[in-house]
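Chemist: Attaching a single structure in structure tokens format; questions to follow.
The values are calculated or read from the model by the stated rules, or taken from the named source; none is laboratory data. Note that the coordinates shown come from a computational prediction; the quantities given were computed from them, not determined experimentally. Because the Cβ atoms are built from the backbone with ideal geometry, glycine has one as well, and the counts that use them run over all protein chains shown. Calculation scope for accessible area: heavy atoms of the full protein, side chains included, ligands and nucleic acids excluded. Shrake-Rupley method; radii C 1.70, N 1.55, O 1.52, S 1.80 Å.
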Amino acid sequence: MAPVIREIEYRNWPLVLIHTGQHKEGIEELKSDFQIKTDWQWLYSKDQEVKTISHAFKWLLSLISAIILKPNSLLAGLNSFENNIILVHGDTFSTILGALLGKRIGIKVAHVESGLRSFNFLNPFPEEINRIITFYLADIAFCPGQWAVNNLNKYKKLIKIDTENNTLLDSLKIALDFPYRNNNYPVPTANYGVVSIHRFENIFYSTRFKSIIDQLIEVADKHHLIFVLHPTTHKRLIRSGLIENLNQHPGIELRERTGYINFIHLLVKSQFVITDGGSNQEELSYLNIPTFLMRKTTERQEGLGSNVQIGNISADNLRKFIRETKTHSNKQLSLPINSPSRIICNEIAFATTNFNYPLKHIDP
């Protein structure tokens, strides 16, 4: 959403930037990376990031209760704006909370990165379910491509806008244009692979989590791995005792999660990436870096059949993938020239003054 926020700020539109408190670590670095000027309005003021199932339950229940019982008190100053529209993104619990809040206070809800589907309720879980709930709550769907638009055909009341690509494309362009000079997060000169594992279905099922760690250790016997730790993953590794296996392996380098620009520059120079992140899949499809998706299915189409392989949590598939990376050309692809964020803002400009559906697409 960062490039959308930047575009809104560039147009000097009145903006309330709502943070649900689901993820807090690194949030100020994110604002700095994308030069976002608007301050957050926090809905959940606890200091600690949501990292455990029990904490997530308390956080979610607290905000749902507040949205149902006193929604107007959550958005100070919103009544001073006319023709309001609330933008939610993706497939997190925060997406649903934002959409619910919009419905409760009676303003239009627009879903960014809408229409993506894996068609499997358990993979990814709970993200696939979150998306379906959001489809019913939203008024406008900003879909990153015709495939995503087609997935929403049965939602007749939902206005579907094709943004051609995801707003992540704009984020990637910003990161690649930024000269990398961060000595605190060095990019190795020798060959390496990057690992990023954080999805619920991978880290909260002990047998699967151990299997994934065992597979990474096997890869690290021959290839240097930089394992970028999400806070929740780090906590699960400590609780399960698996972090000692990683710490003791000379081929594995554990790093804390970093800002977006740092992470993109780390990906750019890597030989391969092992990840369970959908956004990573999309970024790496543009960067054309061999990507092993540590999942059984995906809600995205980018990179499939070219540089992205769905691994199915299989050690044999991972071994085959590592062998084939030696023959892959990592030459970066030309990025599409359109700006999905600009398309979204053009549509918002039209929608907030013309709520007689259907909306017509406006060229950027």
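Chemist: Could you list all residues from region 307-348 that are more than 22 Å from Asn120 (Cβ to Cβ), assigned to a loop (DSSP other than H, G, I, E, B) and touching a residue at least 12 places away in the same chain (Cβ under 8 Å)?
Modeler: Hits for region 307-348 are Asn307, His328, Ser329, Asn330, Lys331, Gln332, Leu333, Leu335, Pro336, Asn338, Ser339.
Chemist: Which of the residues belonging to region 266-280 are open to solvent by less than 10 Å² (accessible area, probe 1.4 Å) and not in a strand (DSSP E or B)?
Modeler: Across region 266-280, the qualifying residues are Leu266, Leu267, Ser270, Asp276, Gly277, Gly278.
Chemist: Now for a separate question. Taking Arg300 as the residue in question, decide whether it is touching a Ser or Thr at 6+ places or on another chain (Cβ under 9 Å) and either among the basic types (Lys, Arg) or assigned to a helix (DSSP H, G or I) (or both).
Modeler: Answer is yes for this residue.
Chemist: Starting from region 115-131, take each residue that is more than 15 Å from Trp147 (Cα to Cα) and list its partners that are buried (at least 16 other Cβ atoms within 10 Å of the Cβ) and aromatic (Phe, Trp, Tyr), counting only C-beta distances under 8 angstrom and pairs at least six apart or across chains.
Modeler: So the pair list comes out as Pro126/Phe93; Asn130/Phe93.
Chemist: Now, a different point. Name the pairs: first residue in region 281-301 and open to solvent by 10 Å² or more (accessible area, probe 1.4 Å), second residue basic (Lys, Arg), Cβ to Cβ under 7 Å, at least 6 apart or on different chains?
Modeler: These pairs meet every condition: Asn288/Lys331.
Chemist: Say we look at region 27-54 and pick out the residues that are in a helix (DSSP H, G or I) and at pLDDT 75 or above; which of these is farthest from Leu168 (Cα to Cα)? Step through it out loud before you land on a result.
Modeler: So the first thing to find is which residues in region 27-54 are in a helix (DSSP H, G or I), and the list is 27-33, 53-54.
Now drop any that are not at pLDDT 75 or above, which leaves 27-33, 54.
Numbers: Ile27: 17, Glu28: 19, Glu29: 17, Leu30: 14, Lys31: 15, Ser32: 17, Asp33: 14, Ser54: 31 Å.
Looking at the filtered set, the residue picked out is Ser54.
Chemist: Mind listing just one residue for me: the one in region 178-203 that is among the aromatic types (Phe, Trp, Tyr) and open to solvent by 50 Å² or more (accessible area, probe 1.4 Å) and, of those, nearest to Thr297 (Cα to Cα)?
Modeler: Phe200
Chemist: If you don't mind, there's one more thing I want to ask. Within region 118-146, which residues are polar (S, T, N, Q), surrounded by fewer than 16 Cβ atoms within 10 Å (Cβ to Cβ) and part of a helix (DSSP H, G or I)?
Modeler: Gln146
Chemist: A follow-up question, please. Tell me which residues, restricted to region 159-172, are open to solvent by less than 10 Å² (accessible area, probe 1.4 Å) and part of a loop (DSSP other than H, G, I, E, B).
Modeler: Selection gives Thr163, Asn166, Thr167.
Chemist: Of all residues in region 1-16 being assigned to a helix (DSSP H, G or I) and in contact (Cβ under 8 Å) with a residue 60 or more places away in the chain, which is most open to solvent (accessible area, probe 1.4 Å)?
Modeler: Arg6
Chemist: Follow-up question, since we're still on this one. I'd like the residue in region 302-342 that is among the aliphatic types (A, V, I, L, M) and open to solvent by 40 Å² or more (accessible area, probe 1.4 Å) and, out of all such residues, is modelled with the lowest pLDDT.
Modeler: It comes out as Leu333.
Chemist: Counting only residues that are of a type outside the set (Gly, Ala, Ser), out of contact with any Leu (no Cβ under 7 Å at 6 or more places or on another chain), crowded, with 18+ Cβ neighbours inside 10 Å and not in a loop (DSSP other than H, G, I, E, B), how many does region 99-117 have?
Modeler: Looking only at that region, the number is 2.
Chemist: Return the residue satisfying two criteria in turn: it lies in region 246-262 and is assigned to a helix (DSSP H, G or I) and at pLDDT below 95, and of such residues it is most open to solvent (accessible area, probe 1.4 Å). Steps first, answer last, please.
Modeler: Pass one, region 246-262, residues assigned to a helix (DSSP H, G or I): 246-247, 260-262.
With at pLDDT below 95 added as a condition, the list becomes 260-262.
Details: Tyr260: 39, Ile261: 5, Asn262: 14 Å².
Among them, the one singled out is Tyr260.
Chemist: Can you tell me how many residues within region 192-209 are in a helix (DSSP H, G or I), closer than 18 Å to Ile226 by Cα and either without any contact (Cβ under 8 Å) to a residue 24 or more places away in the chain or not hydrophobic (A, V, I, L, M, F, W, C) (or both)?
Modeler: Result for region 192-209: 0.
Chemist: Filter region 17-39 down to residues that are open to solvent by 40 Å² or more (accessible area, probe 1.4 Å), over 16 Å from the mean Cα position of the chain (by Cα) and within 21 Å of Ser65 (Cα to Cα), then give me how many there are.
Modeler: 1
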